[in-house]
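Working notes, beginning with the structure itself.
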Amino acid sequence: MPLTRDALTTLAEFPERSGRARPSADRPPVGNVRPDPAASSTWTQGPGSFLPPEALLDMPAQPLDWASSPGQAGPAPLRGGAADIAGRRAFMVLGSLLLGIFGTLQMGGALAKDGVDVLDAVFLALFFSLFTWIAFGFLGAIAGVIALATRETGPDGRAPSRLPRQRTAVLLTICNEDLGAVQTRLTVMARSIASVGASQLFDIFVLSDSAALAEDAEAEAFQRVRSGTAVQIFYRRRIRNEARKPGNIADWVKRFGGAYESMIVLDADSLMTGEAMAGMAVMMEDQPDLGLLQTIPTIINGQTFFALWQQFAAAAYGHLASAGLQWWSGNEATFWGHNAIIRVRAFAQSCGLPALSGMEPFGGSIMSHDMVEATLLRRRGWAVQMVTLPSGSHEEFPPTLADHAVRDRRWCQGNLQHLRLLGVDGLHWVSRLQLLMGASSYITSPLWLLLLLVGLAEQARSPGGDVAVLAQPWLLGLTLLLLFGPKLIAWMWLVIDRDLRSSLGGGRRATATIALEIPLSTLVAPIIMLGQTMAIVDILRGRPSGWLTQRREADGLAPRDALSLYRWHIVLGLGFAIAALAGLAGAAWTMPVTISLLAAPMTAMLLSRRDVGAYLSDRGLFVSRPEASVNSPQRRRNTAVAAGCP
């Protein structure tokens, strides 16, 4: 019988338990590694921590000059056959390069009317980089349509016909989080695991890097959840926050990894159902060469206009982008650091992260560890795949544009570190491409700004000349097609997909929302562009981002704060406006960017408001059911609904 999402029982239905949870030594450990009875419980940091006996597992740091040896397992067979996957990758990579070369040649023809000099060459180099980048995104949308139409979207994510046979640990990492929200998600997940009859197969570990003052409150909160569920829940807080989250996970692997076949890694804002967890564990058992399986989480619990917008965009466009990514990545997929299941021994064998030489921001601990871990797993011969589950894998999004920028700044530093790893021995070329794409997603921002500035310099040098892009109207049309085509393709797909259309509020409302979303994204893109450019400048100046606690909820942004955060946007916007008033035709072409930068504080304030989000949601706009609605009476109820609780 297939597993079903039974109604989740209330905490009161579970028998009350007192004292410590029964140790996991009562259950047989996986493999030959057994708990070390002599090991001291160095993880127990105070009276509030509670842990099972240790099951030690070696996790050596991986040398970056290591190459695959004959003694290692060979790469897992590529899904669809080597020739098939090679053709898909040629379509993406060569297709993007050919489009980039074609567009650049046409632009070069317009610039060559008065000869090509150094400034023209710089402009063409920037144009080629950005044109190729947007071409890759457009072809990814085409690939998504092919994948969805042919049902070539990777592993089967349907509900399994059985429970897993081996034990899995669920690792929930936190750092100075809102305890009420985390406790709610933890309660819902524990109840959901119990509802599918998997209480004896899954243990939950809350791994805290919070400040010392938070330990008593955290321990008390998680003890309450622990005492009311049949699922084992363990908690500890590290005294030394070494290597941030990857150090947290590695610490657990070394201490307790020997007792589990797999681990499901979650962020503090992650939410997964018991059915989804069980299904992923079964997939791991059915594919012994599979090292990591990354789900594609949906965004839930959007409250502000900004979060609701991102929630809708992920639901409307994300399925197409993710299907395309699955279609060409095959066994060399990526890892996003959460909502994924990993084979513990493969991870211990492959993913001990070394510290990079030098100081932060380019040296020290690897920040964006997830993509690097995926490449190291593949280097050892383990398959890394992505799966689209029908439901059951969720996360939340930063509530405001400013909060998103804080997280983005950290990701920017981590992804730029990846440029140092492109030459690491033994990596698959697609793994290198994934690392390069991660860094390029930030590098394109300063390239775009440079393109605008070089274009203005071209016009200042010959103010009477034509704007090159306007001299080729069809090239302008092609650029807009590549830029906005993925959203238009996603809209055409939702016209076909009845379930998707219904989840977005119906065809008319979804279409109306997309009609609003496209100009909104156009308005916000230059704001993000300058923010990422400033982040890269900070990183090049040697200023690390740190690891601040992320704000999960907000309502509104004060005018003073908005003006402070976006003052440089206003300065640059004024510069473009002055250039336009000076009569430069190229500056007129940058008018959308100018308006966006000047309006950045107002835009950020508008997007941060909950009442605006509620107003739009009440009218059926920016809706993405059945996840969560801002109109639900309580956030707790939203979380339970997302996990299948009626």
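The values are calculated or read from the model by the stated rules, or taken from the named source; none is laboratory data. Quantities reported herein were computed from a predicted structural model and do not represent experimental measurements. No Cβ is skipped: glycine too gets one built from the backbone with ideal geometry, and neighbour counts run over all protein chains shown. Keep in mind that these areas ignore ligands, DNA and RNA; they rest on the heavy atoms of the full protein, side chains included. Shrake-Rupley method; radii C 1.70, N 1.55, O 1.52, S 1.80 Å.
Return the residues of the range 381-407 that are touching a Pro at 6+ places or on another chain (Cβ under 9 Å) and within 16 Å of residue 552 (Cα to Cα); say none if nothing qualifies. Of everything in the range 381-407, those that are touching a Pro at 6+ places or on another chain (Cβ under 9 Å) and within 16 Å of residue 552 (Cα to Cα) turn out to be 394, 395, 404, 405, 406, 407. Restricting the first member to the range 380-405 and to residues that are on the phi > 0 side of the Ramachandran plot, and the second to residues that are open to solvent by less than 20 Å² (accessible area, probe 1.4 Å) and modelled with pLDDT of 95 or more, the beta-carbon pairs closer than 7 Å and six or more apart or on different chains are 392/272; 392/273; 392/276. Say we look at the range 377-391 and pick out the residues that are part of a loop (DSSP other than H, G, I, E, B), farther than 29 Å from residue 302 by Cα and touching a helix residue (DSSP H, G or I) at 6+ places or on another chain (Cβ under 6 Å); which of these is least open to solvent (accessible area, probe 1.4 Å)? Once the filter is applied, the top-ranked residue is 380. The residues listed here are 319, 338, 394; of these, the one that is open to solvent by 10 Å² or more (accessible area, probe 1.4 Å) and at pLDDT 95 or above is 338. Scanning the range 202-242 for residues that are in a loop (DSSP other than H, G, I, E, B), open to solvent by 30 Å² or more (accessible area, probe 1.4 Å) and either modelled with pLDDT of 95 or more or within 18 Å of residue 180 (Cα to Cα) (or both) yields a single hit, 211. Screening residue 190 on (1) assigned to a loop (DSSP other than H, G, I, E, B); (2) aliphatic (A, V, I, L, M); (3) touching a Ser or Thr at 6+ places or on another chain (Cβ under 6 Å); (4) crowded, with 21+ Cβ neighbours inside 10 Å shows it passes everything except condition (1).
Just one of the listed residues (184, 150) is of a type in the set (Ser, Thr, Tyr) and open to solvent by 40 Å² or more (accessible area, probe 1.4 Å), namely 150.
Please determine whether any residue of the range 347-363 is touching a Ser or Thr at 6+ places or on another chain (Cβ under 7 Å), over 18 Å from residue 408 (Cβ atoms), of a type in the set (A, V, I, L, M, F, W, C) and buried (at least 24 other Cβ atoms within 10 Å of the Cβ). Within the range 347-363, none of the residues are touching a Ser or Thr at 6+ places or on another chain (Cβ under 7 Å), over 18 Å from residue 408 (Cβ atoms), of a type in the set (A, V, I, L, M, F, W, C) and buried (at least 24 other Cβ atoms within 10 Å of the Cβ). Looking at 110, 125, 141, just one residue is farther than 30 Å from residue 263 by Cβ and either free of Cβ contacts under 8 Å to residues at least 12 places away in the same chain or of a type in the set (Lys, Arg) (or both), and that residue is 125.
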